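The structure appears right after this line, and notes come after that.
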Amino acid sequence: MRVREVLFLLLIISCATLFANVQLPGPDRPTAQDPGTGHVKPITRFTPLFTFDTNPTLFLAGSMYDYMIGGYTDSPLKVQSGGGVYAAFHGDVSERMIYSAYVDAGGVVTPGALIAAGPYRQGFPGMDLDFDTSDAFFAYHVDNDGDGAYEVEMVWDIWHIMNAPGLFGLPLEILDNEVYGGVDTPFADDQFIWPKVYITEAPTYSQDAKRRIFVVGNNFIDHTGGTPAENILLIWSDFSTSTAGDPVFDGWSYHTFPLLDGFNSGTPGTNCGRYHHSTAVTRDGKIAFIGLLQDDT
């Protein structure tokens, strides 16, 4: 055996010896004890039996960014009353765009479909279902005109016409931050993005069957001088359904909340910490926000 081969063999043996301890089992973990009862908690727990109704199925091939399914604080999955499931996510095949996938009540998967093609990068969809029609409503942010200010667009999937997904309406711009900043919001440079969508009954639902749709955006512009505190913009409209199947909106309203605006502005004496809010709506049209308030700074 040549000298070079001997040296190479010795190098392999040395490396194996050096890293051999990496895969050795570590010491047993200490047993956890319940301070309330003094009983010892078992380290292992019983694993229940389970089966998949639908085996793991690829929604979108060759994509990036779909690890971030949905938005930040809302659910990317919504279930129809009949058992079908909508999913919303952004993926990047050639540019980051918004996609929707569907799983019917029998477990059949309709892979991810692009809901609104466009040249500009889209992101972070919110979604909810109309309880009357089972149609899906999506909102996302995009800089359509390249001016550095984001717009929020809405697209809907008219499921109830064919009882199937994929009949998307044309994108509707419901917020241009460059237009509404400083008018319906506290500061001209406000940028409310990451929209979440919630659908409930309008106050007149019992008379005209109108529903109310809420869209909630977080402000990614910080005015505190370094401690993010995203105030929120609440957008809403009542709507009905046309004979063609599209929603007919009554007009959009915009509202921020002085308490949260104060957090974002850094006003002395206000709490400027990020409060990580979540949102919920009731069937009779109420909307609630909940989050963590830290000590004043």
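Laboratory data are not the source of any read-out in this text; all were calculated from the coordinates shown. Nothing here was measured: the structure is a model prediction, and the numbers come from that model. No Cβ is skipped: glycine too gets one built from the backbone with ideal geometry, and neighbour counts run over all protein chains shown.
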statement: Cα extents of segment 176-219 along the principal axes, largest first, in whole Å, come to 40, 19, 14
- line: Mean Cβ-within-10 Å packing, highest first, puts peptides 49-55, 139-145, 174-180, 124-130 in the order 124-130, 139-145, 174-180, 49-55
message: P(r) for segment 172-297, please, calculated from all Cα pair distances in 10 Å bins and given in %.
response: 12, 39, 30, 14, 4, 0
task: Any aspartates and glutamates with Cα under 12 Å of the LYS196 Cα? List them, leaving off those in the same chain fewer than 8 positions away.
output: ASP74, ASP128, GLU153
- request: May I ask for the distance between the Cα centers of segment 49-81 and segment 116-171, given as a whole number of Å?
  value: 17
query: Working out 0.36 nm times the residue gap between LEU77 and SER94, then minus their Cα-Cα distance, what length gain in nm do you get to one decimal?
result: 3.7 nm
query: Sorted by average packing, counted as other Cβ atoms within 10 angstrom per residue and highest first, what order do 187-198, 206-217, 251-262 take?
result: 187-198, 206-217, 251-262
- prompt: About the Cα centre of segment 50-185, what is the dipole size in debye to 20, counting +1 per Lys and Arg Cβ and -1 per Asp and Glu Cβ, all else neutral?
  reply: 580
message: What distance in nm lies between label points placed 7 Å from Cα along the C-beta direction at SER278 and THR44?
response: 3.3
- prompt: Could you work out Rg/(2.2 N^0.38 Å) for segment 75-160, with Rg from alpha carbons only?
  reply: 1.13
- request: Consider a paramagnetic label point 7 Å from the Cα of HIS255 along Cα→Cβ; state which residues of segment 219-233 have an amide N under 20 Å from it.
  value: 219, 230-233
field: Cross-link partners of LYS286 among aspartates and glutamates (Cα-Cα below 14 Å; sequence separation of 8 or more within a chain)
entry: GLU201, ASP238
